[in-house]
1. Please compute the volume of the convex hull spanned by the alpha-carbon atoms of the stretch 36-139 and report it per residue in Å³.
2. Which pairs break 28 Å Cα to Cα here: Lys60/Lys371; Lys45/Lys251; Lys113/Lys147; Lys147/Lys258; Lys327/Lys497?
3. I'd like the FRET efficiency for Leu40 and Leu217, computed as 1/(1 + (r/R0)^6) with the beta carbon distance as r and R0 of 22 Å, rounded to 0.05.
4. Show the residues, 5+ positions off or on another chain, whose built amide H is closer than 5 Å to the amide H of Tyr66.
5. So how do 397-408, 338-349 stack up, highest first, on mean other-Cβ count within 10 Å?
6. When the Kirkwood radius is taken over all Cα pairs of the stretch 345-404, what Stokes-Einstein diffusion coefficient follows at 4 °C and 1.567 mPa s, in µm²/s?
7. Using alpha carbons only, how many angstrom separate the centre of the stretch 81-110 from the centre of the stretch 466-482?
8. For Phe485, what residues show an amide H to amide H distance below 5 Å, using hydrogens built from the backbone and excluding near sequence neighbours?
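Just so you know, all these numbers are worked out from the coordinates, no wet-lab data involved. Source: prediction; values computed, not measured. Reconstructed Cβ throughout: ideal geometry from the backbone, glycine too, with neighbour counts over all protein chains shown.
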Amino acid sequence: MILWALSGALLFLIAFCIFWTWNFRYWKKRSIPGPDPSILYGNTKSLVAEKTSVAYEFDKYYREYYGKAPFIGVYVLRSPHILAIDPDFVKFVLVENFKQFQNNPISDMSTLKSEPYIGQNPFMLKGAEWKDMRIQMSAAFTSGKMKTMFPIVENTCRKMSEFLRQEVANQPKDGVHFRDVSARFTTEVVSDATFGVEAGTFVKETTPLSALGAELLDCFENFINYFILTTIFPILTRLRCFWIVSKSVGKSFEDLMKKGMQFRSESNIVRNDFLSFIMDLGSKQNLSLTQMTSHALTVYLDSYETTSITISLVLYELARNEKAQEKLREEIKEYESKTGLNYDAIHDMPYLDHCVNETMRVHAPIIIISKVCTESNVTYPVDGRNVVIPKGMTIHIPIFSIHRNGSVYQNPEKFIPERFENGGSKDFKDNCNFLPFGTGPRICLGMRFALLQVKSAVVEVIRQYRVTVNEKTKQPLKLDVGQFFSYPRHGIYLNLKHV
């Protein structure tokens, strides 16, 4: 009996090993270079072991193969994927052949039915559905719309200033925790503009809205686990058995949306913000409350988390670079004396723009973006031959590595805003060497609103305070594990001194 059991266990182990390593010669058979996979993890140990960020793992391969191949073959656990190396190949995927690579991998993990609360987010949709929704939602993010919503951002800046005044008065030994301050800032702005309510984040330590936002982001942590499972067993994507946003969290946002709409209707308040846009859209298209909540969450997700991270990182880099900070402060004073710090002034400040761009280069808001090949017979020339990229293949664009490429950016680890002068930003973007919001038709929808928040918050702090790095901040900053955003593993603590 024991012998039978041992034999069965051995056979199962052999069968599992064959199944697990079955694809591990996929790229060698096609003469595509790439690192050898380990038996357990393929080329992505970081996804399971979680001791380092996947950005660092891919960066190692990127540096090894840059200049040698347009792309390489890697294994995400047991599944063969492509890691983009050459910027021309990145442009091929994101811009020139967008139609063949228009979908995101997450699109295959959900449907409008399985994800009613974020299923209408353009990031989740594919094909014609994505195009229609993109056109529909683009009207909410025009430059004109940003200008009309600037008073909301401006009002939140005043709240942040009062909060910081009290913080500085208390002379905290560890400085001000700016990861926390920036999260309060974006929560306040987005809640006001999207749901028509003030979150009160600068008044209370925790608020119902900030707690709900944290729950929403916690939902997305489950996505990593589901991504791992579907990578091992692709058949699971057909079952649509996974909810990214739980029903309870979605229902809470739906209740919030309902209250905001009722208050707006009963009080006859006219505000040209996201809530008004969504209410008008709902009226014209006879949308359900759930559908309108989904639109609101599109704005919330596109404008909250990466924006919050970027605010704290811009201030961190300025705190480390005194000359850049002083140069920016002089620019702020100049514009303040001429026109006041209105929307146009903040939009037009060149050095402010350079500082934000340079921060997003050093600390890419999203460290990796991925696309799926949606058509058959797509080819790309490699060493004089046309290599077929099969339908269903996932292509990873390592933005973290692209932004730190020493062949493109001299002294890539250093914060040098001047590198974006004289049209540098356009040149880097056109050549696909600068991708903080992606590029091509699926460039981030909330880009304008994110930049408006970041620039406004930075101006509000720098015009009043000289900023230095508190010793509690662990340097150099390291990326947190298990994330696709530039989360610092530890907090960002800064000292503030009135100018």
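1. On the way: hull volume 15.1 nm³, N = 104.
It is 146 Å³ per residue.
2. Values: Lys60/Lys371 21 Å; Lys45/Lys251 36 Å; Lys113/Lys147 35 Å; Lys147/Lys258 26 Å; Lys327/Lys497 17 Å.
Table pairs above 28 Å Cα-Cα are Lys45/Lys251; Lys113/Lys147.
3. 0.15
4. Here nothing satisfies the definition.
5. 397-408, 338-349
6. Calculated translational D: 90 µm²/s.
7. Cα centres, the stretch 81-110 to the stretch 466-482: 33 Å.
8. It is Ile367, by chain and number.
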